[in-house]
1. Given the peptides B:231-243, B:484-496, B:281-293, arrange them by the average over their residues of other C-beta atoms within 10 Å, most packed first.
2. Just grab the label-to-label distance for residue B:628 and residue B:372, each label 7 Å out from Cα along the Cβ direction, in nm (one decimal).
3. Whole angstrom only: what separates the Cα centroid of the stretch A:61-82 from the Cα centroid of the stretch B:580-612?
4. Relative contact order, percent, of the stretch A:199-268 when contacts are C-alpha pairs under 8 Å separated by at least 6 residues?
5. Over what distance in Å are the Cα centres of the stretch A:195-268 and the stretch B:453-532 separated?
6. Please compute the average number of Cβ atoms from other chains found within 10 Å of each residue's Cβ in peptide B:209-216.
7. What is the distance in Å between the Cα centroid of the stretch B:94-171 and that of the stretch A:1-39?
8. Among DSSP beta bridges whose residues both lie in the protein assembly as shown, state the antiparallel percentage, nearest 5.
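Every number here is computed from the coordinates shown, using simple stated rules; none is lab data. Here the structure is a predicted model, which is why all the values come from computation and not from measurement. Glycine gets a Cβ as well: all are built from the backbone with ideal geometry, and neighbour counts include every protein chain shown.
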């Protein structure tokens, strides 16, 4: 099922513009195969960062988007019935452990806590993955590394990492990049002039000021790229912002009116 | 009595439900008109009923101001206006009827100014205290922006555009102006010119960042332009417009000088001192031109620009009042209320007192230990015969709210995470015997109901004693019934539920009753204590939500939900600003959300009850215009929470 690891290798360099020392830091963490948590608001570049690092380090990257219905079997694998009996199929985590890939569990808090417990033996000195159903202990390939991401923004009582899980990781905090860097990213990703990108970034900063004052999150870098892409395609800037920012961020009429005002102020 | 004089009888006021404040403003306006122009006042008197049919009191005041400002020196035309024989009277009437109120725009304007200036600024409406031909202008301080309540259709056919421009201009000052410069010995005219140049400078800076704001300002500078005028205000209006619109041609030497001086500095807009120098030169020129300046009559020509009191401090004299005394203590206000209620409360045993903070949106500050919540023993049904008879309650069944569990396994499933060994063996046997095998050979986890704790928070304020038309019962009775229905339904569905009530008598005394606690079943005693609640005092919702939150934090269920049931906007006798307690309750609900709880609100209100949407957010708000449907609405809300 997961035998062909080549499809998990990134052939082209994913664009990533470092905002600080995170690339060097991750290389150190990888050199010692330390498990890493990437924390940060939505759309700030966590997934892009890990793709870039996997490409840079030449490792296959196996990504699992976690969700509430995900079970431990979905990660480690299960027996399936075939014509001549049952066969074991490795799950994505087991594949990564055996073959030495980076396994990236995106939005780990979305998975239930009992599911995330299976990663514990992999994240300490043992680096093993016991497959109890199969009676096998998989020793991690020397190149295997576990990386998880989560967004501390919307924690709730039922959605939080257990201390016993989070203490096993080196945590790297991501934020939206500085204005200049963010503008360069938007300009490059959406192929728009830097002036337009800079204007959109200023707009995003203003919406981020409204976080917790009616907005759960401000406009993310990813949203800005969407906005800029639509503008490049010929959509009128205000209309593009209305669709990719104002309406995407909130349903509250007061907040919508305020966001429209902020958007309107940014375009001559 | 003025009311009687103007034909605005108490009945009319009642009938049209003008709020006390607007009523007072209307009374002052009619009084002013009576003094100023008795003929117009009697014309107005004849049309009062007709006007009130179409306009609320505050809009009517603005309509009157429009007439007084349109024809300040033309009594005949003014008479026609108030007699509704003037076309502009009808136009203004239509505009005012359409105009959204400033109060409704404040929440979005607060967000807008914060987004533009990246500062937290409270926005308030200036009360219509001075019914005057001279229009009001916004007042800015480092914490607040007070917007005029007298913006009328004369200023802008769409008031929201005007509000927006005011907010943007204030944001420009906040970001780029040095505040509270000593006025020293500067003459009033110099102050006015320097202020006008400063207005233009900060707007240029703002427009450099936010080019869209140019289109917000230009229309108002254009309409306030007096192209031929040579008075001080006219010249300033010409300069204002010349500085923002390069295409504008003016033939006045002074205006052109201002423009060319300003243009020399456009590359160094942050150089405040140089702009002040050119402004002093311009003021000096005006002095030499013998232009007269009347500080008492002068208002900044553009209606969106603030009065510039933000820029100056004055030696010895008091600065223009910019921040009003916001919180009024009232220890004696309660004295007039009936003693019987106080006696009744006094007999209720006090269990404990807790202090909670309160959010003051005007200061942007959480006042610590501001409210005292007094938990009291529920009103004891000492005289059960006096209680209303128990109403036969509707039976309601709540939907199942399920999530996966490992404790229940479903066998023989077509899909699943593990093989069901028994089924797999049968499958193999069938296949070897040549039978068609059963393919359902997996197991997967079953579902389980998510545990939920619900806290019903009932508003027990005096207004809930009002009788529901056609039902013969009070709103409070309906609340009680709905509470009992939901308690029964939730506890039989396996949820934990409590019913608490609150009423407040100033911030020093927010009474809180734990009518039915978690872990208690709805029996005779608790049902009687719910029914024994009486309606009294006011609704300080924020403090009650905070106390409910702290009680709720002891609950260990996966979902914890506070449901506030109220019949009107939060209010208390020591608070005079309608928005104050709404903002506070909103902050309390947000804090509960951060603590992992959901706060929902049900407003039993025939009006729009927009306040509830603001407090808990649209998603968790229900507005019940027909109180008899409350039990059904509660269940619907429950389903929504369970599904989210």
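1. B:231-243, B:484-496, B:281-293
2. Spacing of the two 7 Å Cα→Cβ label points: 4.4 nm.
3. Comparing the Cα centres of the stretch A:61-82 and the stretch B:580-612, I get a distance of 41 Å.
4. Worked out over the stretch A:199-268, it gives 35 percent.
5. The stretch A:195-268 and the stretch B:453-532 have Cα centres spaced 43 Å from each other.
6. 6
7. Using only Cα atoms, the two centres lie 52 Å from each other.
8. 40 percent
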